[in-house]
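This report refers to the structure that appears directly beneath it.
Nothing in this text is a laboratory measurement; each read-out follows from the coordinates by a stated rule. Quick caveat, the model's predicted, so the values are computed rather than measured.
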Amino acid sequence: MKNNYRICRRCVMDTTDPDIEFDANGICNHCRRYYELASKNLFPGEEGERKLKEIVTKIKEDRKNKKYDCILGLSGGLDSSYVAYLAIKFGLRPLFVHLDNGWNSEISETNVEKIVEKTNFDIYRYEIDWEEFKDLQRSYIKASVVDIEVLTDHALAAFIYKSAAKRGIKFILSGGNFATESIMPKSWNYIKADAKNIKAIQKRFGTREIKSVPLLSILKRGYYKRILGIKTIKVLNYIEYNRSEAMKILEKEFDWKYYGKKHYESIFTRFYQGYILPGKFGIDKRRAHLSNLICSGQITRQEAIEEMKGEIYPARLLEKDKEFVLNKLGFSEEEFEKLMQEKPRSHLDFPNVVATLKFIKCIKKVLKPS
Ligand SMILES: [Zn+2]
C-alpha cells in the first residue's frame, strides 16, 4: 500500500482519495477540475462587481415594499458571517435564520448574537428537538456511513428553503463558495439533498420518527426552485474572497471571534473531522480544505504541507471532546469504539435518490435547447 502512495505536485491531495488520478505532470484531477470550473464559477474583479451589482438591484426590486428582501442562514461561522456583512454593506434587508441542532459552539452563538445586535436585523431561530437529532446521529454512527454531517447540512438547507417559501422570499444568500470548498473527493462525503437516504437509514437504525428535523424531498426542492423561483446566490463567488482578510473585517466590525479551522464551529464537527473520519475512514479533510486554498491562491503548497504536519487533534482537546460527545450522544466508550471498528458502509446500501437524480439530469439534457 505504502509503495503506491502518491501526492499531487500542485496541491496536497493524495491517494487517501481512492479515486484520485494524476496526469503526466503529476497534477491531480482535483486541481485540473478546479481550474476548469473556476472560470465558470468564480468572478473576481470587475466582472464580479458588475454581476453582483445586477443581482443586488434585482433583489431590491423584487421585494421593494417588503420587510425582508432576502434570507441568510447565519451560523456564526466565517462564511455566513461575512455574507451578512456584505449584505448589509450592499443595503440589502436580510432575514437571518439560525438552526440549532444542539451542537453549536458558544463562540459561534456569540458571533450570531453580536451580528444581530450590531445590525439590528431580525433573526428567526429554530431549535431541532435534541432527542430526535441525537437519535439520528446515533443511527448514522451505527450505520457506519461516511457522511454524518449530511444531517445538519440537509436540515439547514431544508429549513432555509422552507423559511423563504413561507415568506415569499425569492433570494437565499449563501456562504457556500467555490474558492474554499470546491475540492472534495466523492467518496469523502455524500449528496446533501437526499432526504430519502436519511429516512431509510433512520428507519433501519433509529428508534424515533423524524418529526422535528426539517427535510426536503427532491420534488419539493424542485417546486421551490422551478415553480416558486427561489434562487440561491453564492455571494462569495463574486468577490475576491480571502478568508484571513474576511476574518479581520469581521473582528473589526462585529467583534467577531474565530473558532479555529474550517467548519470547527461545532464541537461535533470537530470530533467528526478530527477523530471519526481519520480513525474510521482514513480521511483527513484538512487535505481538501488546504488544497482548495492552494488552488485559489490563498496559501502556498509549502504552507499547506507544514500545516498538515501539525496534529489533527491535540490530545487534550480530543480527550475532552470525546468525553463530551460520547456523553451527549449516549454512547459508552466501549460501545462507540466497537462501532469505530466496524467496516464502513456506503450510503448507497440504503434507499436513495441517486437514480432519480441521474434520470432528471438526462431529461434536462434532452430538453436543453442546443
Ligand atoms: Zn492537485
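Here are some notes:
- Database remark: amide H of residue 233 closer than 5 angstrom to the amide H of 172, 173, 174 (H placed geometrically; neighbours at sequence offset of 5 or more, or on other chains; Pro and chain starts carry no H).
- Distance cut-off 27 Å, percentage of C-alpha pairs in segment 44-349 lying past it: 45 percent
- Global geometry of segment 247-370, whether rounded, prolate or oblate, following the gyration tensor of its Cα atoms and the 1.5 cut on a/c: oblate
- Taking a ≥ b ≥ c as the square roots of the Cα gyration tensor eigenvalues, segment 118-264 comes out prolate, since a/c reaches at least 1.5 and a/b is larger than b/c.
- Distance from the C-alpha centroid of segment 314-370 to that of segment 296-311: 27 Å, rounded to the whole angstrom.
- All lysines inside 24 Å of residue 364 as judged from Cα atoms, apart from same-chain residues fewer than 8 positions distant: 40, 170, 186, 192, 196, 220, 225, 231, 234
- Sequence-distant aspartates and glutamates (8 or more away, or on other chains) whose Cα lies within less than 17 Å of residue 166: 62, 69, 122
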